[in-house]
Amino acid sequence: MSPTNISNPSQGLASPDFEKALQIGRPPTIARLFPHSRALIVSGKFIDLAMLAKGKAITMAANGRSSFVIRGALKAAQRANAALIIEIAKSEGGANAYCAVNYWNIARIVDAACNEMGITVPVAIHADHYGLKNDQDVEDAKTEIPSIFDAGITSIAIDASHMPDDKNLLANLELNPHIPPWAGLETEIGEIKGKEGLSTVEEALFLIQGLNAHDIFPNWIALNNGTTHGIEASDTGIQVDLTAQIHAALTKYNVSGAQHGTSGNNSDRLREIAARTRTTKANVATALQMISWGLEVNDFGNAQLDGQGNFIKVKDQGVTEALWTEMVAYAQAQGWQGGNFKKLNLPFENKLLGQTAKVRERMISRVEDFVYNMLVNVLNTRDTAPLAVEAILSAGSYDAAPKAERIEDPAEWTPEKIVARAAAIDSDKGPEGDFDD
């Protein structure tokens with residue numbers, strides 16, 4: 001199949017392959033919500049498979065903290081002919097959200113934007129960092145997780161990394177029946193907290209082997225491999241050697257890597273991640289937010305500061321100067337600094353939407369240009385859209401077959417044995433604190 005079948009909206013809409021994928025590739029929840037849609041919203045499984053088919057390719061998982069970010073990322077993916085993930089984390093868009101985009105409306109926003117703009121590349125909608133910190137969170141999730149899939153989520157990250165290793169695994173096992181079998185699945189070890197509490201091979205094997213024993217085969221595993229959420233102030237960033245070591249240890253379980261905290265890591269390091277590891281998903285959140293607002297960033301999306309430690313607004317880029325002044329004053333009144341400017345998303349959503357068409361469009365275009373460069377020149381994602389379509393046609397369904405098969409003995413992974421195994425793991429969870437997205 002020629003890549004041009006998908007990259008050009010007019011060609012893509014007329015492509016027999018696209019038409020067939022649209023007919024069979026959308027999950028039943030998406031087909032029910034959007035019965036007349038021509039947006040190819042699919043399971044995260046197919047996005048992962050497309051990256052593996054190309055090889056040494058990573059798609060961006062763009063955190064859609066606003067409709068501007070979502071639209072810019074979608075336009076970039078269309079230009080790059082690339083399969084894409086749009087996501088929102090529980091802290092960003094859960095019950096106690098700091099963004100207007102949330103678990104329950106993100107699919108509607110994506111679907112509407114795709115239809116309006118003629119987006120024909122495959123897109124997964126991912127519930128990132130569905131965080132679980134205690135037993136009550138796990139119990140509540142049994143109701144909430146089905147609700148977000150009902151609302152159009154097609155992929156989820158179960159993040160019980162805040163809990164001890166045994167509880168992390170047991171939470172994943174307990175919640176799996178509430179996740180549709182066709183959905184993309186991510187699991188996680190180690191809170192994302194920079195150089196503290198780095199993940200180990202032993203922890204990764206414990207989680208993946210325990211899931212495997214119960215016929216659960218995640219598409220991705222996320223690690224604490226040295227990076228952080230928000231603004232990356234350190235030049236250390238992602239530890240590629242550690243990531244490669246853990247991925248190598250997991251080879252026979254056929255799980256891909258999800259790289260969190262991508263914002264602020266330089267392009268060479270991200271290229272190395274693509275080249276040397278099994279990573280197929282890279283989360284970008286803070287960079288896209290800052291870029292949409294019109295802040296000065298370096299070539300890998302880290303917002304720059306002036307001599308007084310303030311963000312630098314680029315004149316006539318992003319939001320208007322008057323609105324930015326208002327946003328800064330509001331943040332100062334709340335005592336918000338640095339990465340906590342993310343909390344401006346919710347109170348300023350309507351004011352951002354109420355700007356002129358010219359201003360709104362330049363916010364979107366700024367995101368588009370950044371994402372396009374990342375997809376094409378850093379993450380090696382160009383022309384992966386047809387590969388995702390091919391995977392759908394090969395499966396003949398909205399549900400891809402598992403990438404792995406059970407090789408672990410369930411009798412060795414009972415709850416009692418899980419607790420005993422975890423007690424023998426030598427792990428350092430790092431300092432206590434709030435490490436949410």
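Could you give every pair whose Cβ atoms fall below 9 Å, whose first residue belongs to the range 307-324 and is modelled with pLDDT of 95 or more, and whose second residue is in a loop (DSSP other than H, G, I, E, B) and among the aliphatic types (A, V, I, L, M), counting only separations of at least 6 or pairs across chains?
LYS313/VAL319
Given the structure, is ALA112 surrounded by fewer than 20 Cβ atoms within 10 Å (Cβ to Cβ), under 27 Å from LEU387 (Cβ atoms) and not aromatic (Phe, Trp, Tyr)?
Yes; evaluated as a whole, the condition is true for this residue.
Could you please give the count of residues in the range 366-386 that are in contact (Cβ under 8 Å) with a residue 12 or more places away in the chain, polar (S, T, N, Q) and in a helix (DSSP H, G or I)? Quick ask: steps written out before the conclusion?
First, pick out the residues of the range 366-386 that are in contact (Cβ under 8 Å) with a residue 12 or more places away in the chain: 366-372, 374-386.
From the residues that got through so far, the ones that are polar (S, T, N, Q) too are 377, 380-381, 384.
Narrowing further to those that are in a helix (DSSP H, G or I): 377.
Matching residues across the range 366-386 total 1.
Filter the range 288-319 down to residues that are β-branched (Val, Ile, Thr) and surrounded by 18 or more Cβ atoms within 10 Å (Cβ to Cβ), then give me how many there are.
So the count comes out to 3.
For the range 28-47, how many residues are surrounded by fewer than 24 Cβ atoms within 10 Å (Cβ to Cβ), touching a Ser or Thr at 6+ places or on another chain (Cβ under 9 Å) and in a loop (DSSP other than H, G, I, E, B)?
Qualifying residue count for the region: 1.
Please tell me if GLY318 is part of a loop (DSSP other than H, G, I, E, B) and more than 21 Å from ARG71 (Cβ to Cβ). Quick ask: steps written out before the conclusion?
Working: part of a loop (DSSP other than H, G, I, E, B): yes; more than 21 Å from ARG71 (Cβ to Cβ): no.
Taking the combined requirement at face value, the residue does not satisfy it.
Could you say which residue among ALA357, ALA423 is without any contact (Cβ under 8 Å) to a residue 60 or more places away in the chain, exposed (fewer than 15 other Cβ atoms within 10 Å of the Cβ) and hydrophobic (A, V, I, L, M, F, W, C)?
Among ALA357, ALA423, only ALA357 is without any contact (Cβ under 8 Å) to a residue 60 or more places away in the chain, exposed (fewer than 15 other Cβ atoms within 10 Å of the Cβ) and hydrophobic (A, V, I, L, M, F, W, C).
What do you reckon, is GLY184 buried (at least 24 other Cβ atoms within 10 Å of the Cβ), under 19 Å from VAL367 (Cβ atoms) and either touching a Phe, Trp or Tyr at 6+ places or on another chain (Cβ under 9 Å) or among the hydrophobic types (A, V, I, L, M, F, W, C) (or both)? Can you show your working first?
Values: buried (at least 24 other Cβ atoms within 10 Å of the Cβ): yes; under 19 Å from VAL367 (Cβ atoms): no; either touching a Phe, Trp or Tyr at 6+ places or on another chain (Cβ under 9 Å) or among the hydrophobic types (A, V, I, L, M, F, W, C) (or both): yes.
No; evaluated as a whole, the condition is false for this residue.
Under 9 Å between Cβ atoms, at least 6 apart or on separate chains: pull out the pairs that start in the range 389-410 with a residue that is farther than 30 Å from PHE206 by Cα and end on any residue that is outside any loop (DSSP other than H, G, I, E, B) and modelled with pLDDT under 95.
VAL389/ASN5; VAL389/ILE6
If you check ASP48 against the conditions, is it more than 17 Å from GLU116 (Cα to Cα) and in contact with an Asp or Glu (Cβ under 9 Å, 6 or more places away or on another chain)?
In short, no.
Would you be able to say whether some residue in the range 403-411 is surrounded by 17 or more Cβ atoms within 10 Å (Cβ to Cβ) and not hydrophobic (A, V, I, L, M, F, W, C)?
The answer is no; no qualifying residue exists.
Identify all residues within the range 392-421 that are in a helix (DSSP H, G or I) and within 31 Å of the chain's Cα centre (by Cα); write none if there are none. Show your work before the answer.
Looking only at the range 392-421, we keep the residues that are in a helix (DSSP H, G or I), and these are 392-395, 410-412, 415-421.
Those that are in a helix (DSSP H, G or I) and within 31 Å of the chain's Cα centre (by Cα): ILE392, LEU393, SER394, ALA395, PRO410, PRO415, ILE418, VAL419, ARG421.
Find all pairs meeting these conditions: Cβ atoms under 7 angstrom apart; at least six residues apart or on different chains; first residue within the range 9-22 and closer than 17 Å to ALA124 by Cβ; second residue in a helix (DSSP H, G or I) and at pLDDT 95 or above.
Filtered contacts from the range 9-22: PHE18/VAL389; ALA21/VAL389; ALA21/ILE392; ALA21/LEU393.
In the range 48-68, which residues are in a helix (DSSP H, G or I) and within 13 Å of the chain's Cα centre (by Cα)?
Within the range 48-68, ASP48 is the sole residue that qualifies.
Which one is nearest to the chain's Cα centre (by Cα) among residues in the range 92-132 that are more than 24 Å from GLY261 (Cα to Cα) and free of Cβ contacts under 8 Å to residues at least 40 places away in the same chain?
ALA112
Residue by residue, here is whether (1) on the phi < 0 side of the Ramachandran plot; (2) in contact with a helix residue (DSSP H, G or I) (Cβ under 9 Å, 6 or more places away or on another chain); (3) among the small types (Gly, Ala, Ser) holds:
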| position | (1), (2), (3) |
| --- | --- |
| THR320 | yes, yes, no |
| MET327 | yes, yes, no |
| LEU346 | yes, no, no |
| GLU361 | yes, no, no |
| LEU387 | yes, yes, no |
| LEU393 | yes, yes, no |
| SER397 | yes, yes, yes |
| GLU405 | yes, yes, no |
| ALA411 | yes, yes, yes |
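Going by the structure shown, is ALA77 closer than 20 Å to LEU49 by Cα, out of contact with any Phe, Trp or Tyr (no Cβ under 7 Å at 6 or more places or on another chain) and either touching a residue at least 24 places away in the same chain (Cβ under 8 Å) or surrounded by fewer than 24 Cβ atoms within 10 Å (Cβ to Cβ) (or both)?
Judged against the criteria, ALA77 is a match.
The values are calculated or read from the model by the stated rules, or taken from the named source; none is laboratory data. These numbers were taken from a predicted model, which means no experiment stands behind them. All Cβ positions, glycine included, derive from the backbone under ideal geometry; neighbour counts span all protein chains shown.
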